[in-house]
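Below you'll find the structure, written out as structure tokens, and then a few comments.
Values quoted throughout were computed directly from the atomic coordinates according to the rules given, and no laboratory measurement underlies them. All of these numbers come straight from a predicted model, not from anything done at the bench. A quick note on method: Cβ atoms are made from the backbone with ideal geometry, for glycine too, and the neighbour counts reach across all protein chains shown.
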Amino acid sequence: MDTNLLKQILPVEGQVLENFGETDWSLFGRQAHAVVFPHSEEEVTSILSVANENNWNCMPAGNGTWLEGCLNTDRDVNLVLSISKMNNILVHEPDNLFVELEAGVTLEQLQATLRSSKQWLPLDPPGANSSTMGAIVATSSCGALQTGFGKPRDHVLGATLITGDGKTLELGGKTVKNVAGFDLLKLLSGSWGRFGVITKLVMRLHPLPEADRTLLFSSNQQHPGPRLAHDIMHTPAMLQSISILSPGLGEEPESKDTRVAVRILESEAAVDQVEALILEQVKISPLKKMNGLESKKFFERLHNVDENSDVVIRVTSLPSEVGILIDQLENLQHLVAEKDGFGIKFLAHSESGVLIVLIDNLKRDENWLIQSTKALLKLRTSVENYGGSLTLLHAPEDLIRAVKPWGSLSEVETLFSGLEKVFDPTGILSQRELPKRKTEGRQCL
Amino acid sequence: MESLPKNLARDLKDIVGSNWVLSDRDRLLAYESDGLTAYRSKPLAVVLPETTDQVSRVFKLLSRNNIKVVPRGAGTGLSGGALADPTAVIIGTSKMNTIIKLDPDNRRAVVQPGVINAHLSEAAAPLGLYYAPDPASQSACTIGGNVAENSGGPHCLKYGVTSRYVTGLTIVTYEGEILRLGGLGRERGSYDLVGVFVGSEGCFGMATEVEVKLLPKPESVRTLLAIFDRIEDAGKAVTSIMARGLLPAALEIIDGATIRAVEASVFAGGYPVDANAALVVEFDGIEKGLGADVQKAISDCKKAGATEVRSAATSEERQKLWQGRKKAFGAMGRIATDLLVQDATVPRSRLPEVLMKISEIGERYDLNIANVFHAGDGNLHPNILFDRSDSEELQKVELASTEIMKVCVAAGGTITGEHGVGHDKKSYMPLVCGVDEMKTMKKVKTVFDPYHGMNPGKVLPTDI
């Protein structure tokens, strides 16, 4: 690969990174030929044009915090294209509740800017502080707040996408209501860079809530975590997040109990009443009540619970089935190397039906790969039998290769591959592995 | 006019039953237009299936015979999206009106596409739940139609439009393939096929089962009606309310012409007829939080120049305050034979200048334009009153509409916020989309509908 071609497009020192060793930009210890940092949409377009002409495999990225996520381990990556230097907030119109920004802006940078206008973007994905907005949208990353505010797709009003074949598409606009043409914008969220490089975003904003309160409940035999969360969900009020935390993820690391954390984001006048409704619903007292900054910090800590995990899995199901799936995690306990008192950890956003499973110390004896593969595939089958899914978000390369990041796609694979060809006809962006068809009967809702 | 070949009529009747294939001219009359009556065309036939399997078999039969298909809900659409040319067959959803599942444990429902929007909320009410998107036509429009148009409504300011609530779909493609997209907790792969299907205006396929999220009914609702001498002042009140961080469930403006039309009709709600604007402000949520919000909104309205602010104390009073907004379109029938309900969106802060320009356009073309709109999210509905038997006036309506669209786009807005492009606005698409964007849209349609048999001639200009 001739990186001089890149240097002609990107003349500023530091825009083309080569020979960077085993750093944050390496992929399972291997290197791409280069990492490039364009400063403008024109540079992104030129890079993709050169990549097309030379048939280079390209991987769009943000700050590289989740570079190995859903990586297609069978393909070499020639070029990582990071939009992290395109990091300007372009327009913020508080009266119209939107912000237009370059996709390399981090969520932390954005929230800091919005705070002075008493506004925010209610998203809390894993690794929120350093993740770029482009990456958050492309990977559809979200956390506990998805219960009350939705996923990234619900906050994106507009975007600029440079497709795999170098076309610049301006999608959506600046208004909340916009049905002019087919909603291609929705395809960006969860596209994992397969459709192009997101260079600009227009995001819908919300007023910063006056009160932030978290109620932390302890589960017990009468009130197991999933049951408690389920009861809370049926409080007659809009709750912004309901999370079940396994032992090891709560406030006190030594606690052996599962906790349920409920976050209330309301006006000062309403927060007490919502709390009263929750307590009336569950009829037990919270272990702890956190307000303001303490409440915010509690949830911020959960953004990084997976940073030292060997394996991170996302399981989705109907909210009412989360408890059944948590029970099934017992079948993974034998994969944990040294019982640190907790074994398998999990964090469930129960009303959204999302369960994040963490294995901090994966056993690495001679049979580890076979055992881990078998256990995860068995769990995936079980989850899929419930109509849910299991996605391997982070794991050793061998395990990803054996289990594959995604489960089966069934009948929509043709649509997936058709869409990829629309946006990336030569396939230079197919570094992320997406699911393939497994022959099976059609399901009805 | 073309007629349905006899053998095809027989085969269709074998699938759906002999009563549910309509092909004689009189019965087709009801299907010659949707809510946008300016465009009319009788279809080749209308087929009314009852199940996903019947839709699949009907589509297979029609696609093999190279006959195009136009899905249609209740026909309340306002962009000519359900208009079928004489060679196409309309597939109506009026018999697909079953609520398949109400699942309070997971706060979701699964419905057939012909279920009427308001009926879903009524069915969910005993469970303390409701379906949030509430188009003005919610007592007649169908969930399937809402999916096709990505419909909004007054309360979408706080709660968002249809796409926020659709979690899963069963669709049938033109070739009759049954596909299941998404589903709550059923994340297969990462591409948002449900998201791109919602709002595709029947051009990708037909939804035959729709899974939606339901919300808990808010504990309390408070409604205000503020009266203004100038519409600009009502706009200022909206900006003040939003700027201070309040998030009402609805913020709706009714202009003077509309107030007078409603007050002269059977729908009169007691609005002062000399007013030039009325602003409906509604808050919902936890009772204790509402009082403070309402006081702040009253203060903002008064500061902006409201001559009077009324507050509803009972459900009946609340209905009355909404009367001018909800019955506006019906009341227009008293003052003109035809009504074109336009739809465009602008950033909220640009509303005053855009309204002024729309007024100028009306004067220049000598047309009556009344405005009723979702002010909170900048979604304008200029209502152009006309007589379609007057060809000169009809031409002026088209010219004025084009100018209104251009004004909205120039203000940073778009050509449709909730009614869709359909047949009516496809010529305006180049105002908001470049050629590459439109070509990409066409290619995405082709992924779902390779033979372009679904709802032909809609959304995209024909030369794309």
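Could you tell me the calculated FRET efficiency between B:T337 and B:K443, based on Cβ-Cβ distance and R0 = 41 angstrom, to the nearest 0.05? List each step's numbers first, then the result.
On the way: r = 42 Å, r/R0 = 1.02.
According to the calculation, E is roughly 0.45.
Work from the charge dipole of chain B (Cβ charges, +1 for Lys and Arg, -1 for Asp and Glu, about the Cα centre) and give the residue of B:V432, B:A132, B:A243 farthest towards its positive end.
Value computed over the given set: B:A132.
Per residue of B:433-440, how many C-beta atoms from partner chains lie within 10 Å of its own C-beta, taken as a mean?
Details: counts 6, 4, 0, 5, 10, 2, 3, 12.
Partner Cβ neighbours, averaged per residue: 5.
Where does each of B:166-176, B:107-117 land if you order them by average Cβ count within 10 Å, highest first? Don't jump to the answer; show the numbers that get you there.
Numbers: B:166-176: 22.5, B:107-117: 24.5.
Ranking the peptides B:166-176, B:107-117 by packing returns B:107-117, B:166-176.
Could you list the GluC sites (Glu not before Pro) in the range A:344-389 that lie in coil according to DSSP, counting only those with at most 16 other Cβ atoms within 10 Å of their Cβ?
Numbers: sites: A:E351, A:E366, A:E384; in loops: A:E366.
Sparse-neighbourhood loop GluC sites (Glu not before Pro): A:E366.
Using modelled backbone amide H atoms (1.01 Å from N, in-plane), which distant-in-sequence or interchain residues come within less than 5 Å of B:R388's amide H?
B:D338
What ranking do A:R314, A:R301, A:R213, A:R227 get, fewest neighbouring Cβ atoms within 10 angstrom at the top? Spell out each step's value before the answer.
Numbers: A:R314 17, A:R301 11, A:R213 20, A:R227 14.
Sorted ascending by nearby Cβ count, the order is A:R301, A:R227, A:R314, A:R213.
Decide, for the range B:1-115, between rounded, prolate and oblate: order the square roots of the alpha carbon gyration tensor eigenvalues as a ≥ b ≥ c, take rounded if a/c falls under 1.5, and otherwise choose prolate if a/b is larger than b/c, else oblate. Show your work: numbers first, answer last.
On the way: a/c = 2.36, a/b = 1.37, b/c = 1.72.
Oblate, since a/c reaches 1.5 and b/c is not below a/b.
Okay, helix-only estimate at 222 nm for the protein assembly as shown: each DSSP H run of n ≥ 4 adds -39500 (n - 2.57), divide by all residues, round to 500 deg cm²/dmol; what do you get? Write out the running numbers ahead of the final one.
Numbers: 29 runs with 282 residues, N = 909.
Calculated at 222 nm, the ellipticity per residue is -9000 deg cm²/dmol.
Can you give the charge dipole size of chain A about its Cα centre, rounded to the nearest 20 debye, using +1 on the beta carbon of Lys and Arg and -1 on the beta carbon of Asp and Glu?
820
Tell me, what ³J(HN,Hα) does each residue in the range B:436-442 have, in order and in whole Hz, if you take phi through Karplus 6.51 cos²θ - 1.76 cosθ + 1.60 with θ = phi - 60° and put x for Gly and Pro?
4, 5, 5, 5, 5, 4, 5
Using modelled amide H (1.01 Å from N, peptide plane; none on Pro or chain starts), what sits under 5 Å from the amide H of A:F182, excluding residues fewer than 5 places away?
Distant-sequence amide H within range of A:F182: zero hits.
For the range A:194-296, taking Cα atoms only, what is the radius of gyration to one decimal and the Dmax to the nearest whole Å?
Computed over the Cα atoms of the range A:194-296, radius of gyration and Dmax are 16.3, 51 Å.
Which number do you get for Rg(Cα) / (2.2 N^0.38 Å) in the protein assembly as shown?
Details: Rg = 27.5 Å, N = 909, 2.2 N^0.38 = 29.3 Å.
In units of the 2.2 N^0.38 Å rule of thumb, it is 0.94.
For the range A:46-53, take each phi angle, set θ = phi - 60°, evaluate the Karplus expression 6.51 cos²θ - 1.76 cosθ + 1.60, and give the result in whole Hz per residue in order, putting x for glycine and proline.
3J(HN,Hα) across the range A:46-53, in whole Hz: 5, 4, 5, 5, 5, 4, 5, 4.
Using each residue's phi in the range B:324-338, evaluate 6.51 cos²θ - 1.76 cosθ + 1.60 at θ = phi - 60° and report the 3J(HN,Hα) Karplus result to the nearest Hz, with x for Gly and Pro.
Working through the residues one at a time gives x, 7, 6, 9, 4, 5, x, 5, 4, x, 6, 10, 7, 6, 10 Hz.
So what is log10(I(q)/I(0)) for the range B:85-221 at q = 0.15, 0.18 1/Å, when the Debye sum runs over its Cα atoms only?
For the range B:85-221, the Cα-only Debye profile gives -0.69, -0.99.
By the gyration tensor of its Cα atoms, with a ≥ b ≥ c the square roots of the eigenvalues, what is the shape of chain A: rounded for a/c under 1.5, prolate for a/b over b/c, or oblate? All intermediate terms of the calculation are to be shown ahead of the outcome.
Working: a/c = 1.79, a/b = 1.29, b/c = 1.39.
Oblate.
For the range B:413-433 and the range A:48-110, what is the separation of their Cα centres, given in Å?
30
Going by amide H atoms built from the backbone, whose H comes under 5 Å of the H on B:G285, apart from near neighbours?
Long-range HN contacts for B:G285: B:E219, B:S220.
Work from the charge dipole of chain A (Cβ charges, +1 for Lys and Arg, -1 for Asp and Glu, about the Cα centre) and give the residue of A:H230, A:P405, A:T113 farthest towards its positive end.
Checking the options against the dipole of chain A, the answer is A:H230.
Take peptide A:258-270, look around each residue's Cβ out to 10 angstrom, count Cβ atoms belonging to other protein chains, and average those counts.
Values: counts 0, 0, 0, 0, 0, 0, 1, 0, 4, 10, 3, 8, 10.
Mean shielding by partner chains, rounded to a whole number: 3.
Using only Cα atoms, find the angle between the long axis of helix B:351-365 and the longest principal axis of chain B, and express it within 0 to 90 degrees, rounded to the nearest 10.
70
With N set to the number of residues, divide the alpha-carbon radius of gyration of the range A:311-407 by 2.2 N^0.38 Å and report two decimals. Please list the in-between numbers first.
Working: Rg = 12.5 Å, N = 97, 2.2 N^0.38 = 12.5 Å.
Dividing the Cα radius of gyration by 2.2 N^0.38 Å gives 1.00.
Evaluate the charge dipole of the range B:6-92 about its Cα centre and quote only its size in Debye, nearest 20, assuming +1 on the Cβ of each Lys and Arg and -1 on the Cβ of each Asp and Glu. Provide the component values of the computation, followed by the final result.
Values: 12 positive and 9 negative charges, 49 e Å.
Once rounded to the nearest 20, the dipole reads 240 debye.
Roughly how many debye, to the nearest 20, is the charge dipole of the protein assembly as shown about its Cα centre, given +1 on each Lys and Arg Cβ, -1 on each Asp and Glu Cβ, and no other charges? Spell out each step's value before the answer.
Numbers: 95 positive and 114 negative charges, 291 e Å.
The dipole magnitude comes to about 1400 debye.
Once the dipole of the protein assembly as shown is set up with Lys and Arg at +1 and Asp and Glu at -1 on Cβ about the Cα centre, which of A:A261, A:S46, B:F197 lies farthest towards its positive end?
The residue sitting farthest along the positive end of the dipole is B:F197.
Evaluate the Kirkwood expression for the hydrodynamic radius of the range B:218-329, namely the inverse of the mean inverse distance over all pairs of different C-alpha atoms, and round to one decimal in Å. Walk me through the numbers on the way to the answer.
Details: mean 1/r = 0.0725 Å⁻¹.
After inverting the mean inverse Cα-Cα distance, the result is 13.8 Å.
FRET efficiency for B:D274 and A:E93, Cβ-Cβ distance as r, R0 = 41 Å, nearest 0.05?
It comes out at approximately 0.75.
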